[in-house]
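Down below is the structure, laid out as structure tokens.
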């Protein structure tokens, strides 16, 4: 196992923030960058990404056959072996390409940093499906006692984006499986996460896949269903008809006071409503009633 200098892709520095300083320093000094046999490397059981697209891996393997691995894997030495912190997809593709050795950058991260770096690399490169990303964020928060705000700053995503990602984990299992497989997008998932009816959520998810709804169409479908559920506006109750004598008296009051007057009740009990439309109007009505004109 010969140590040799190797260039580290600059893009990874940004991904590893706030740990990039230590990586950059090692790269400058040529320390930690080695060529290691693939049989000496183990994958990380806590790797956020659980599914690897076969077609994509084969394409990367072909690129590696032609150009080699441009960016080293990041690993941690454990005894006489190495555990991948970042770069499992490259590692798998390298094996498909028939490589027996790969370049690695050896670091000394603790468990929290290992998982965080692995998560950052995958999320920034959009290698995770929406559920893997959400599960990784939740794990990061629980294991390392982080708030949504702290995770937001670490991953370079807005706090609402973190909250929306976590909401996907509350969807019915059948919908989660559709998100994992890529049959539904994260946008579909976020829209469905706003529903509270499990059966309706599952039915709409199924329709999305079968009829290839866009997120916009799904939003319109949900809006239409919501409108249907709204209770019909109650018809205004018709005003009970007054006895003929009260109708005549009501009209007499209107003429006398010069404003709108309405009666409600019967010949023996009820109420009179007198309306006014300005201070002067009120004083005029008062003078009429009190006889002070």
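Only one residue in 165, 161, 136 is crowded, with 20+ Cβ neighbours inside 10 Å, touching a helix residue (DSSP H, G or I) at 6+ places or on another chain (Cβ under 9 Å), without any contact (Cβ under 8 Å) to a residue 60 or more places away in the chain and outside any loop (DSSP other than H, G, I, E, B), so which one is that?
165
How many residues are assigned to a helix (DSSP H, G or I) and modelled with pLDDT of 85 or more when one looks only at region 242-285?
So the count comes out to 0.
Here are some residues: 238, 202. Which one is modelled with pLDDT of 90 or more and outside any strand (DSSP E or B)?
Criteria check complete, one pass: 202.
Go over the candidates 105, 99, 155 one by one and state the one that is within 28 Å of residue 63 (Cβ to Cβ) and at pLDDT below 85. Please lay out each step first, then the result.
On the way: 105 fails: at pLDDT below 85; 99 fails: at pLDDT below 85.
Residue meeting the stated conditions: 155.
Looking at (1) more than 21 Å from residue 54 (Cβ to Cβ); (2) at pLDDT below 90, find the lone condition where residue 89 falls short.
Going through (1) more than 21 Å from residue 54 (Cβ to Cβ); (2) at pLDDT below 90 one by one, residue 89 breaks only (1).
Mind checking which residues of region 213-229 are surrounded by 12 or more Cβ atoms within 10 Å (Cβ to Cβ) and either in contact (Cβ under 8 Å) with a residue 60 or more places away in the chain or farther than 13 Å from residue 191 by Cα (or both)?
Listed by number, the list holds a single entry, 225.
Could you grab me the full set of residues in region 177-203 that are surrounded by 13 or more Cβ atoms within 10 Å (Cβ to Cβ), more than 21 Å from residue 220 (Cβ to Cβ) and in contact (Cβ under 8 Å) with a residue 40 or more places away in the chain?
Passing the criteria: only 180.
For residue 174, which of the numbered conditions (1) touching a helix residue (DSSP H, G or I) at 6+ places or on another chain (Cβ under 6 Å); (2) closer than 28 Å to residue 111 by Cα; (3) surrounded by fewer than 18 Cβ atoms within 10 Å (Cβ to Cβ) fails to hold?
All conditions pass for residue 174, except number (2).
The values are calculated or read from the model by the stated rules, or taken from the named source; none is laboratory data. From a predicted model like this one, the values you see are computed outputs, not experimental measurements. Quick reminder, even Gly has a Cβ in these numbers, built from the backbone with ideal geometry, and neighbours come from all protein chains shown.
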